[in-house]
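Here is the structure we will look at, set down as structure tokens.
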Amino acid sequence: MSALSDGELRTAHLVASVLLGYPDDTLYGGRRVLAGSVAALPAGEVRTRLAAFLDHVEATPPTELAAHYVATFDLKRRCCPYLTYYAYGDTRKRGGALLRFKHAFAAAGFELADGELPDHLAVVCELLARGAVREARRLLIEHRAGLELLRTALRSEDSPYADVVAAVLATLPAASLRDQEAALRLATQGPPAEEVGLEPYAVMEASR
């Protein structure tokens, strides 16, 4: 389990929320502040992983990173950043899972931007960073198998975003045997396949 204090945990997730969003001026304009925040974290996997991604940002033109982000998260189904996708796919059950996220956000007084889904990993990290540590950690732990699968998929794509997801996972308790079995099952079987045409996922309809 992570040895980070609550303040350090919130800092790590705030950085991760920015890094996992579309790489725009928020990232490139604030990268030195982000790097300073990461450097202030205790030595360990969280700091190492986040620092590695920020090093990549420094060495990569914005247009190149933006193209990689779109090609990875928008066009590859197995690299989906929406946590409920892994457990429920595009099935009717997914709507109920999204409601759990929405209720957690509402309870924390967190208002989502128009069109923003609450299960995007960057948004859940922001929820934790804003102080809803218990609620956000619960959601992340509940969907740990999907997070593990996302990290594995990003590694197989040789994507630097694997480091950011690994950093988020490093802030959670160690995976239980049940978590490991669930991740293996997802890797073998994939998400449920019942299609219901959820609009935000139309971009990922084609098989990758």
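Structural remarks
- Relative contact order of segment 56-187, pairs being alpha-carbon contacts under 8 Å that are 6 or more residues apart, as %: 24
- Computing Kirkwood radius over Cα pairs in Å directly from the structure and comparing it against (1) 17.3; (2) 19.1; (3) 16.8 singles out (1).
- For segment 75-92 and segment 23-44, distance of Cα centres in Å: 28
- Simple label model, 7 Å out from Cα along Cβ direction - A66 to R185, nm: 4.2
- Fluctuation leader among R138, R151, R78 - the chain, Gaussian network, Cα springs under 10 angstrom: R138
- Springs between Cα atoms under 10 Å define the GNM used for the chain, and in it the highest mean-square fluctuation of H13, H56, H143 occurs at H56.
- Amide H partners (placed H, <5 Å) of H120, local residues excluded: L83
Computed from the coordinates by the stated procedures, all read-outs in this text should not be read as laboratory data. Just so it is clear, the model here is predicted, and its values are computed rather than measured. Glycine also receives a Cβ, built like all others from the backbone with ideal geometry; neighbour counts cover every protein chain displayed.
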